[in-house]
Amino acid sequence: MALKRMDNVGIVVEDLDVTIDFFRELGLNLEGRAMIEGEWAGRITGLGDQRVEIAMMRTPDGHSRLELSRFLAPRVVADHRNAPVNALGYLRVMFAVDDLDDTLERLRARGAELVGEVVQYMEAYRLCYIRGPEGILIGLAQELG
């Protein structure tokens, strides 16, 4: 059996509402919110009895999703949000955008900070990294030509 698709990327946050608003501004659509709780969910994650509020965000093309999770129980035990780009493990989520400058302007109004600078790779892309809500590392890419 072949792999069908990548279903979603999960990010754990403290403030679900602020994070949803940020990703809406970027262009993702809120597909739904739910409380996931109980022993059955803990059997998947290995966390035992858990209570997690999730929001599923969908990209405009409908092919990718971002699952935002706020753990109520058990409590969060580690914080990797401010890890540098060369840290092991989760690195970043990259989004393709139509207009990098406009996107940066809109996201800066919601607290985004440019990590380095906007650069152009050959005649192919303009690229940058930003820190979004709670320090989440996000890549933005505008295809040129």
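Checking the structure you have, find out if any residue of region 97-118 is open to solvent by less than 40 Å² (accessible area, probe 1.4 Å) and farther than 21 Å from Asp21 by Cβ.
No, region 97-118 contains no residue that is open to solvent by less than 40 Å² (accessible area, probe 1.4 Å) and farther than 21 Å from Asp21 by Cβ.
Please verify whether Leu72 is under 23 Å from Asp17 (Cα atoms), in contact (Cβ under 8 Å) with a residue 12 or more places away in the chain and surrounded by 17 or more Cβ atoms within 10 Å (Cβ to Cβ), treating the condition exactly as stated. No. Considered as a group, the residues in region 39-59 that are over 20 Å from the mean Cα position of the chain (by Cα) and among the acidic types (Asp, Glu) include one that is nearest to Phe22 (Cα to Cα), and that residue is Asp49. Screening region 128-145 for residues that are touching a strand residue (DSSP E or B) at 6+ places or on another chain (Cβ under 8 Å) and over 24 Å from Glu67 (Cα atoms) and picking the one that is least open to solvent (accessible area, probe 1.4 Å) gives Leu144. Out of all the residues in region 76-88, is one or more in contact (Cβ under 8 Å) with a residue 12 or more places away in the chain and outside any loop (DSSP other than H, G, I, E, B)? No - not one qualifying residue is present in region 76-88. Whenever a residue of region 31-58 is open to solvent by 30 Å² or more (accessible area, probe 1.4 Å), its partners that are among the charged types (D, E, K, R) and assigned to a helix (DSSP H, G or I), lying with C-beta atoms within less than 9 angstrom and at least six residues away or across chains, give the pairs Gly48/Glu39; Asp49/Glu39. Applying the criterion of being hydrophobic (A, V, I, L, M, F, W, C) and open to solvent by 90 Å² or more (accessible area, probe 1.4 Å) to the residues of region 1-30, the residue that is nearest to Phe95 (Cα to Cα) is Met6.
Does region 78-93 contain at least one residue that is touching a strand residue (DSSP E or B) at 6+ places or on another chain (Cβ under 9 Å), over 22 Å from Glu113 (Cβ atoms) and open to solvent by 50 Å² or more (accessible area, probe 1.4 Å)? So far as region 78-93 goes, no, none of its residues is touching a strand residue (DSSP E or B) at 6+ places or on another chain (Cβ under 9 Å), over 22 Å from Glu113 (Cβ atoms) and open to solvent by 50 Å² or more (accessible area, probe 1.4 Å). Would you pick out the residues in region 118-145 that are free of Cβ contacts under 8 Å to residues at least 60 places away in the same chain and part of a helix (DSSP H, G or I)? The one that is free of Cβ contacts under 8 Å to residues at least 60 places away in the same chain and part of a helix (DSSP H, G or I): Gly135. When region 19-43 is filtered for residues that are touching an Asp or Glu at 6+ places or on another chain (Cβ under 8 Å) and assigned to a helix (DSSP H, G or I), the ones remaining, listed by number, are Thr19, Glu39, Gly42. In this structure, Asp102 does satisfy being part of a helix (DSSP H, G or I) and either touching a helix residue (DSSP H, G or I) at 6+ places or on another chain (Cβ under 6 Å) or of a type outside the set (Phe, Trp, Tyr) (or both).
So that you can scan it fast, the table gives a plain yes or no per residue for (1) of a type outside the set (Lys, Arg); (2) within 12 Å of Ile11 (Cβ to Cβ):
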{"residue": "Ser64", "(1), (2)": "yes, no"}
{"residue": "Leu72", "(1), (2)": "yes, no"}
{"residue": "Ala83", "(1), (2)": "yes, no"}
{"residue": "Arg108", "(1), (2)": "no, no"}
{"residue": "Val119", "(1), (2)": "yes, no"}
{"residue": "Tyr129", "(1), (2)": "yes, no"}
{"residue": "Ile138", "(1), (2)": "yes, yes"}
{"residue": "Ala141", "(1), (2)": "yes, no"}
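The values are calculated or read from the model by the stated rules, or taken from the named source; none is laboratory data. Remember, predicted model here, so these are calculated numbers, not experimental data. Cβ atoms come from the backbone with ideal geometry, glycine included; neighbour counts cover every protein chain shown. Each accessible area value is taken on the protein alone, full model and side chains, heavy atoms only, with ligands, DNA and RNA left out. Shrake-Rupley method; radii C 1.70, N 1.55, O 1.52, S 1.80 Å.
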